[in-house]
Structures are given as C-alpha cells and as structure tokens.
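For reference, the structure discussed in these notes is given below.
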Amino acid sequence: MNIIFPGSFDPITKGHEDIIKRALKIFGNIEILILNNFNKNHIFSINERKDIILKIFKEDKRVKITTFDGLLADYIKENDVDVILRSVRNVIDFENEKINAIVNNDLCDIETFFLFSKKKYEYVSSGMVKDVYFNGGNISLYVSFEVLEFLNNKFRRNSNGNFRIN
Ligand code: PNS
C-alpha cells in the first residue's frame with residue numbers, strides 16, 4: 001500500500017517525526033510529500049525542506065521523500081497513491097483536516113487516514129517553532145538537531161543581534 005504523508009514541513013518538527021515513526025509501524029513504508037501551503041509564508045524553499053528531511057531520515061530506506069509544487073489531488077492523480085495520512089493535534093486541526101479530507105476526496109476520490117498526535121506534541125507546530133527561534137528562544141525540545149543546523153546556516157544574526165538571510 002502506498003501511503004503519503006503530505007505537509008508543508010516548514011520546518012519538520014518532532015511531532016511530525018513521531019507521526020512518521022508510528023505510521024511506519026502500521027504501514028511499513030511511507031512517502032513524505034512536501035508541498036506549499038498557500039495560507040503560510042514559507043521560510044525554506046521546497047528543496048531546502050526536502051534536504052532537511054533527507055538528512056533526518058537518510059538511514060531509513062522505508063521513507064521516501066518527494067516534492068510537488070501544485071495541488072495535492074493532481075499529484076495523487078499522476079502517481080500511485082492509495083491513501084493520505086494526516087495528523088490531528090486538537091479541535092482546530094480537526095475542523096481544518098475534515099475540510100481538507102473532504103475536498104481531496106471530491107477532487108480525486110482519495111481517502112485520508114488520521115493519527116492523533118501524542119499528548120507531548122499536541123502544542124508543537126512549525127509556526128510556534130519559528131516564532132520561538134526568531135525571537136531568540138531554544139527550540140531543541142521541538143525540532144531535531146538537523147533542523148536547527150539548517151536554520152542557523154540560513155538565518156545568522158548580524159552584529160546588531162538581528163537575523164540576516166544568508
Ligand atoms: O503541513 P500543512 O501546512 O498543514 O500542510 C498542508 C498541505 C501542504 C498538505 C496543504 O496546504 C496542501 O495540500 N497544499 C497543496 C495545495 C492543495 O492541494 N490545496 C488543497 C488542499 S485541500
């Protein structure tokens with residue numbers, strides 16, 4: 001069965017990683033599909049987000065990492081995909097994910113499976129990570145070392161203590 005875990009992963013968090021590991025136990029393999037979310041301003045390009053995830057999962061042959069700049073339903077129509085996997089952290093996610101699942105089903109007749117996030121990741125989001133990081137806080141609880149490395153390489157502080165993009 002070909003299962004895709006689509007997301008913007010800007011950047012990938014420990015919450016995402018936990019969902020991927022738990023899904024691997026159930027499905028045996030997974031494709032992480034990196035897309036753009038029109039409602040978000042991304043700090044990393046699709047290829048940078050792919051490089052980060054590749055670095056984290058490089059040892060794991062069960063994990064395939066792909067990218068697509070367009071509609072998820074179009075990717076599904078063009079590729080051999082059986083099911084979408086998404087995660088739900090709270091009621092806000094629930095309502096949004098319900099809409100996404102229905103729209104994707106309308107567009108290409110695909111089903112979406114859901115995993116609930118573990119309690120300890122319930123509040124972890126890429127948006128929160130960026131907010132903490134760009135205000136000088138410690139994000140090591142929320143992201144893997146590789147993510148911090150990519151962030152520090154791209155966004156260094158200048159002598160005034162402000163971030164500048166490399
Ligand atoms: O990690 P995110 O930001 O919650 O992921 C959302 C994502 C990227 C899966 C969604 O925005 C998406 O599918 N984007 C591609 C464009 C698309 O198909 N939009 C309609 C979704 S119903």
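Of note:
- Flag: PHE68 does not match the condition of being closer than 17 Å to ILE19 by Cβ and touching a strand residue (DSSP E or B) at 6+ places or on another chain (Cβ under 8 Å).
- Against the list (1) touching a Cys at 6+ places or on another chain (Cβ under 8 Å); (2) at pLDDT below 95, the condition ALA73 fails is (2).
- Check on ASN47, of a type in the set (S, T, N, Q) and within 15 Å of PHE5 (Cβ to Cβ): no
- Per-region count, the stretch 22-43, residues within 20 Å of SER117 (Cα to Cα), surrounded by 13 or more Cβ atoms within 10 Å (Cβ to Cβ) and either over 12 Å from the mean Cα position of the chain (by Cα) or away from the ligand (no atom under 15 Å from the Cβ) (or both): 6
- Members of the stretch 1-16 that are touching a helix residue (DSSP H, G or I) at 6+ places or on another chain (Cβ under 7 Å) and either more than 8 Å from the ligand (Cβ to nearest atom) or over 15 Å from LEU72 (Cα atoms) (or both): MET1, ILE3, PHE5, ASP10, PRO11, ILE12, THR13, LYS14, GLY15
- Selection within the stretch 56-85: residues that are of a type in the set (Lys, Arg) and assigned to a loop (DSSP other than H, G, I, E, B). The member of this set that is farthest from the chain's Cα centre (by Cα) is LYS61.
- Identity of the residue in the stretch 44-63, hydrophobic (A, V, I, L, M, F, W, C) and either over 17 Å from SER126 (Cβ atoms) or more than 13 Å from the ligand (Cβ to nearest atom) (or both), that ends up surrounded by the fewest Cβ atoms within 10 Å (Cβ to Cβ): LEU54
- Across the stretch 64-99, the number of residues qualifying as farther than 23 Å from LYS119 by Cα and surrounded by 12 or more Cβ atoms within 10 Å (Cβ to Cβ) comes to 16.
- Count of residues meeting criterion [out of contact with any helix residue (DSSP H, G or I) (no Cβ under 8 Å at 6 or more places or on another chain) and either surrounded by fewer than 16 Cβ atoms within 10 Å (Cβ to Cβ) or of a type in the set (Phe, Trp, Tyr) (or both)] in the stretch 123-148: 10
The values are calculated or read from the model by the stated rules, or taken from the named source; none is laboratory data. Just so it is clear, the model here is predicted, and its values are computed rather than measured. Don't worry about glycine lacking a Cβ; one is built from the backbone with ideal geometry, like all the others, and counts go over all protein chains shown.
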